[in-house]
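Visitor: Questions regarding the structure given below will be posed in turn.
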Protein chains: 2
Amino acid sequence: MKIQSDGRKVRGEKRREELIAAALRVIERDGAAGVTHRTVAAEAGVPTTSTTYHFSSLDDLLIATLISCARDMATEVYWMIDRARSRGSRGAEEVAGLLAEALGPSRGRTMAEYELYLLAARRPELRPAARRWLDILTSMVRHDDEVAFRAFLAGIDGLLIQGLIDDEPPSAEELRPIVDYLLKPH
Amino acid sequence: MKIQSDGRKVRGEKRREELIAAALRVIERDGAAGVTHRTVAAEAGVPTTSTTYHFSSLDDLLIATLISCARDMATEVYWMIDRARSRGSRGAEEVAGLLAEALGPSRGRTMAEYELYLLAARRPELRPAARRWLDILTSMVRHDDEVAFRAFLAGIDGLLIQGLIDDEPPSAEELRPIVDYLLKPH
DNA sequence: TAGTTTATGGGACGATCGTTCAGGTACTTT
DNA sequence: AAAGTACCTGAACGATCGTCCCATAAACTA
């Protein structure tokens with residue numbers, strides 16, 4: 001038995017992750033419909049057949065990409081809640097700022113995340129990945145008022161998806177009162 | 001000048017609408033990615049070239065389909081609000097029932113509507129159509145508490161898109177308390 | 001009736017797609 | 001050093017794609 005890892009496998013795993021990163025960039029730019037073996041390989045700067053070697057099919061590549069995207073979103077949301085809680089009653093400010101960031105500079109990424117939602121709606125095997133950030137949040141927050149919390153989560157999702165079809169991204173100041181309202185105890 | 005319309009044109013317009021209806025069925029079944037000249041024509045039971053004649057491009061067909069879908073959604077939502085208001089404090093019950101219907105029997109249609117959202121996020125010319133139902137609701141409701149109303153609309157959107165990735169559609173009874181919370185004045 | 005306009009549909013072209021395959025390279029094991 | 005394994009890649013195949021072309025049928029106009 002060998003203790004240290006195979007140099008070939010770590011190199012292969014690295015390229016596999018590069019392909020996933022390239023696929024995510026393609027999704028952010030052109031949507032999931034723009035993902036082909038050739039576009040992803042070109043984005044990553046590798047030959048076309050590299051994607052067919054590391055992924056058994058194009059579907060596998062798409063699924064791996066969106067699962068990776070969901071994992072990143074979950075950790076990102078984890079730290080957001082952490083910061084928001086540490087700010088006490090100023091939590092709404094933190095949330096509104098992150099929403100504005102998701103609808104402005106990170107717009108492409110946000111669109112990619114909602115493509116995951118729709119893909120998961122049609123493919124049950126993707127649903128656990130798409131739900132992960134919801135589950136993380138649910139596990140982090142106290143359960144004494146689950147209805148209010150679920151209303152808050154739904155409101156966040158709605159503000160994001162509605163903000164995506166605004167002609168210009170809403171600012172944190174515009175979002176602030178709505179987030180405040182959603183967080184305010186009834 | 002001729003008063004009565006051209007029989008050829010009305011027949012053509014009829015087929016054009018049949019193609020849009022067929023395209024919507026394709027989107028509900030396979031998503032916007034499944035829309036091709038051939039799949040839509042096959043769904044409508046007409047030759048392939050019929051779609052290229054009535055629509056200058058496949059993009060035109062897709063856009064026309066999603067605009068038509070948005071128009072239907074707007075009128076549907078109009079009557080929903082009308083019924084909900086007539087029921088007074090039982091409005092939440094009406095809304096929860098319609099959400100459950102959208103996530104159950106009309107799941108395909110709901111997914112199609114959110115594909116419109118994402119397409120509109122990438123194509124500015126689609127945004128007015130995607131926003132129409134929001135505009136209609138905004139114009140129907142009194143403006144004395146716009147923040148609460150926008151929070152309510154965002155919550156509805158979030159409940160729908162989160163319901164799409166549930167393993168089984170939520171029931172009206174499950175949704176009822178959250179809708180109630182969103183409608184309850186603070 | 002002759003001529004114009006509009007809808008229809010069969011066929012085909014070039015482009016792009018997912019995927020396969022065989023040969024080659026780099027690393028590990030025996 | 002030889003054998004085995006894993007990664008890499010150029011070339012190509014069949015399928016499907018959007019779109020164009022042209023002939024035909026039907027409806028309207030003069």
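Read the figures in this text as sums done on the coordinates, not as results from a lab. Given the structure is predicted, the values throughout are model-derived calculations rather than measurements. Virtual Cβ from ideal backbone geometry, glycine too; neighbours counted across all protein chains shown.
Visitor: Counting partner chain Cβ atoms within 10 Å of every residue's Cβ in A:111-117, what's the average?
Guide: Partner Cβ neighbours, averaged per residue: 3.
Visitor: ³J(HN,Hα) across region A:117-125 via Karplus (A = 6.51, B = -1.76, C = 1.60, θ = phi - 60°), whole Hz, x for Gly/Pro?
Guide: These are the phi-based 3J(HN,Hα) values: 3, 5, 5, 5, 4, 9, 10, x, 5 Hz.
Visitor: Now, a different point. Just for the Cα atoms in the protein assembly as shown, what are the lengths along the principal axes, largest first, rounded to whole Å?
Guide: 87, 55, 35
Visitor: To one decimal in nm, how far is A:Pro105 from the same spot in the other copies, if labels go 7 Å from Cα toward Cβ? Please give the shortest first.
Guide: Here the equivalent label points are 4.8 nm apart from this one.
Visitor: Next question, about the same structure. What's the average, rounded to a whole number, of partner chain beta-carbon atoms within 10 Å of each residue's beta-carbon in A:90-103?
Guide: 0
Visitor: How far is A:His186 from itself in the other copies, in nm, if each label sits 7 Å out from Cα along the Cα-Cβ line, shortest first?
Guide: From this label point to the equivalent ones elsewhere in the assembly: 1.3 nm.
Visitor: Please name whichever of B:Met140, B:Ala120, B:Ser68 sits farthest to the positive end of the charge dipole of chain B, dipole taken about the Cα centre and charges placed at Cβ: Lys and Arg +1, Asp and Glu -1.
Guide: The residue sitting farthest along the positive end of the dipole is B:Ser68.
Visitor: OK, next. Hey, could you grab the Kirkwood Rh for region B:115-186? Inverse mean 1/r over distinct alpha carbon pairs, Å, one decimal.
Guide: Hydrodynamic radius (Kirkwood, Cα only) of region B:115-186 equals 13.9 Å.
Visitor: For A:Asp166, place a label point 7 Å from Cα along the Cα-to-Cβ direction in every copy; what are the distances to the other copies, in nm, shortest first?
Guide: 2.9
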